[in-house]
Structures are given as C-alpha cells and as structure tokens.
Amino acid sequence: MRVLVIKLAALGDFAQAFGPFAAIRAHHPGARITLLTTRPYAALARLSPWFDEVWEDGRPDWTDVPAVLRLARRLRAARFDRVYDLQTSSRSSRYRWFVGRRAAWSGIAPGASHPHANPARDAMHTVDRQREQLAMAGIRDVPAPELGWLDADLARFGLPERFCLLVPGASPGRPAKRWPLERFGALAARLHMPAVVLGGPAEAPLADAILAAAPGAIDLTGRTSFAEIGALARRAACCIGNDTGPTHLVAACGCATLALFGADSDPALCAPRGPRAAWVRHIPLAELDPEAVRAALARLV
C-alpha cells in the first residue's frame, strides 16, 4: 500500500502534526509512506521514524509551470492508494487532481472520500482538528508521539547545568507576534539561571539586544539543528517564547514551555501543545510585564 501525507509548512504546524504522523504510521505499519513537504522541514522529517520517503518539492510557485508539471507527474506516477492531507489548504486540496481520483483522500478537497466534514473545523485548535480529521478517516488512536529520535550531543556548546531557553523571534511578516526585546532582556536579567537564546541566523540581532541587558546569556541563534533544539528542550529547565516554530518544537519535546500571545494570533487555535506547555495572552503584547511572565513561569515549573 502506498500512502501520501501532505504537510508543507510551517515549523510550528509541523511540530503539532507529530502525533498524526505517528498515528498514520501505526495505522499503516506495512505501507510505504511518503511525506510531501517543503525544503525547510525535509531534514526534520527524515530524522523521524514515520516516513519511508520525503519529497521536498511540495510548494512550487504556480507561475513556475515546469515545476508544477513536474510535481503533478510525480504525484500521478506514484499511484498512491491513500492520501492524508494535513495541510488542508486550497493548494494542497488541488493536489487531489494531480494524485488522481482513484486514491482515497482525507482532507477538505471537493469529492474527498474521507472528508473532514465539520463546518466548525476552522474554530478548532490545530491538534484537535487533525485528530478529528483522522478519526473521520478511520484513525481514532492518536497518542502522544515518542520523540526520542529528536536528540543530539550538546557538548560543543559548553552549556551550564541549568538554563532557560528564550525564543524572541517570530515570522518577519508578523512583527506584532514579538514581545519587545527590552522586555525579553529584562526577563533574562531577572532569571535565576542563564538564558540561552534560540533562533535562526537572521535573529542574531535579537540575541545581541538580550545579551546587552543580561550579559550572562548565551547566544545560539543560527547554530542549532532541529535535533539540537530537541536536545536543548530535554535539558533546559524551561522555555519562554513567542508564538513561533521553535517554541512549538521545544514544547512538543516535553520542556516546560510558556508561550506569549498578543492580538496577532489566538492561543485557542494554535497554542503549543506538550506535556508541560502553557501560554499567557496580553493585548497589546508589547505591554506584557516581565514580572507577569515570571509569575506565570513559576506556576508552570
């Protein structure tokens, strides 16, 4: 049996799909399972035990006709028996025409054999929505995924025994999702342990601003792989971050994680999930006091 799973982006959504990925693998133990995703998340998917093959060409620009045709031919030639569309976007729904109508389809594409037939699906948290979608497709057991594979040796960083992760970045196109740097810095200066700042290479200036307020902090922006983020999550005392991908990944790995929300995203729909995940929302986010964050963190840990 050939199974296709579609999850194109983004990192936070990808982390929240770990449970469904594992459930699909468990439900189809003998199948050949292919993930259709995009390049930023292909390495993470290949680390996992859930897929036999990972395709990273899942989002060609519609104006790039040759790339779209290549993907269409690839999807049609694979002759998939079943598709789980966990992206459930207008783009991924169109891929049903590329795959062919013979394949059973779980998602929201018109004519899907196993539609997620809940008109209120967009008002559900991502995790709950995907669980219900899979239940309607016959997969009712979606336990917490085992993430022991997401680990690495951290010796090269020379970290202290006890530290707190900070994730001050967020999507460049949504600056309102970012708690102000001066407040992150004030928080880092008041912690009873060093802060370790996570983020991509473009977020190094954010780390610089935090280190200026808390010279004992450690800058790991642009230096960590997905596996190393998982390892940091297992070893950190706690994590405080904006509503962004690394925060979700850390929470999924079991770290005590406090996510910060303002008006730009709704925690009822997308808050990080994990065994020790919590969130605080303040509108406007810029006025959330560091002491309130410290108090919320104390309740969590």
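Things to note:
- Mean separation of Cα contacts under 8 Å, 6 or more apart, over the residue count of region 2-136: relative contact order %: 24 percent
- Rounded tilt (10° steps) of 290-300 against the dominant C-alpha axis of the chain: 60 degrees
- Classified by the C-alpha gyration tensor, region 2-136 has a rounded form. Its axis ratio a/c, with a ≥ b ≥ c, is below 1.5.
- Against the chain, whose longest principal axis comes from its Cα atoms, helix 18-27 is set at around 30 degrees.
- Here the Karplus curve 6.51 cos²θ - 1.76 cosθ + 1.60, taken at θ = phi - 60°, turns the phi angles of region 122-131 into couplings of 6, 9, 9, 4, 3, 5, 5, 5, 5, 4 Hz, with x standing for Gly and Pro.
- Spatial separation of Cα centroids for region 40-118 and region 188-231, in angstrom: 36 Å
- Gyration tensor (alpha-carbon) shape descriptor, region 155-300, a/c threshold 1.5: rounded
- The sum of -39500 (n - 2.57) across all DSSP H runs of n ≥ 4, divided by the residue count of the chain, sets its helix-only mean residue ellipticity at 222 nm to -11000 deg cm²/dmol.
- Length-normalised contact order of the chain in % [C-alpha pairs under 8 Å, at least 6 apart]: 16 percent
- Region 80-153: relative contact order as a whole-number percent, Cα under 8 Å and 6+ apart: 22 percent
- Spin-label pair Ser90-Ala268: with each label point 7 Å from Cα along the Cα-Cβ axis, the two points sit 2.6 nm from one another.
- For Leu154, net neighbour charge (Lys/Arg +1, Asp/Glu -1) across residues whose Cβ lies under 9 Å away: 0
- Counting only alpha carbon atoms, the long axis of helix 226-235 and the longest principal axis of the chain meet at about 50°.
- Net charge over other residues, Cβ less than 14 angstrom from the Cβ of Ser113 (K, R count +1; D, E count -1): +2
- Each 5 Å bin from zero up to the one holding the largest Cα-Cα distance in region 218-271 carries the following percent of pairs: 4, 20, 30, 24, 11, 9, 1.
- Point-to-point label distance, Ala209-Val301, nm (Cα→Cβ direction, 7 Å offset): 2.3 nm
- If the segment from Ala10 to Ala67 were pulled out straight at 0.36 nm per residue, it would be longer than the present Cα-Cα gap by 18.4 nm.
Taken together, the values in this text are just the output of simple stated rules run on the coordinates, not laboratory data. Keep in mind that what you see is a predicted model, and the values were worked out from it rather than measured. For neighbour counting, all protein chains shown are included, and Cβ atoms are generated from backbone atoms with ideal geometry for every residue, glycine included.
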